[in-house]
1. Which value, to two decimals, describes the C-alpha radius of gyration of the stretch 2-82 once divided by 2.2 N^0.38 Å?
2. With charges set only on the Cβ (+1 for Lys and Arg, -1 for Asp and Glu), what does the dipole of the stretch 2-82 come to about its Cα centre, in debye to the nearest 20?
3. Using the count of nearby Cβ atoms within 10 Å as a rough guide to exposure, how do VAL66, VAL22 rank from fewest to most?
4. So between LEU24 and ILE3, what do we pick up on full extension, going 0.36 nm a residue minus the alpha carbon distance?
5. For MET60 and TYR31 in one chain, what is 0.36 nm times their gap in residues minus the Cα-Cα distance, to one decimal in nm?
6. Could you give the length gained on full extension between LYS12 and LYS52, defined as 0.36 nm per residue of separation minus the Cα-Cα distance, in nm?
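A short reminder: the numbers here are calculations on the coordinates, not readings from a lab. Treat the numbers as computed from the prediction; the structure is a model and nothing was measured. Neighbour counts are summed over all protein chains in view; Cβ atoms, including those assigned to glycine, are modelled from backbone coordinates with ideal geometry.
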Amino acid sequence: MAISGLLVHCLKDDIHDVEEKVNLMEEMTTYGIHEDQYVIAVVESPSDIIEKVVKKIGRMDGVLTVYTTYLTIEDEIDEDGKLSTSISYEQLMKMEPKLDS
């Protein structure tokens, strides 16, 4: 299971709706609103799913962009140092740190 911290940059008028929608997603947990423009969130899912989740959030009404602030895949690495997911390390490193809607 990978864990990623996100800042979801929103329009001020839509921020509470976005926070509610993000929090309802199975793999998401929200931790409040920062400066009336960012929803602080954490996604926990297999690393090959995280990009899809971030893109889904980025397409929500009122979302300007999604910033990845932290990503760990440590528990998806086996004893031999190989990533035990369907995405390669190279693909993971090429993921955009910021996805525009």
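1. Values: Rg = 13.3 Å, N = 81, 2.2 N^0.38 = 11.7 Å.
Normalised Cα radius of gyration, the stretch 2-82: 1.14.
2. On the way: 7 positive and 19 negative charges, 81 e Å.
Here the size comes out at about 400 debye.
3. Numbers: VAL66 28, VAL22 24.
So the ranking, lowest neighbour count to highest, is VAL22, VAL66.
4. Working: separation 21, 0.36 × 21 = 7.56 nm, distance 1.72 nm.
Stretched fully, the LEU24-ILE3 segment lengthens by 5.8 nm.
5. Numbers: separation 29, 0.36 × 29 = 10.44 nm, distance 1.83 nm.
My answer for the length gained is 8.6 nm.
6. On the way: separation 40, 0.36 × 40 = 14.40 nm, distance 2.45 nm.
That works out to 11.9 nm of additional length.
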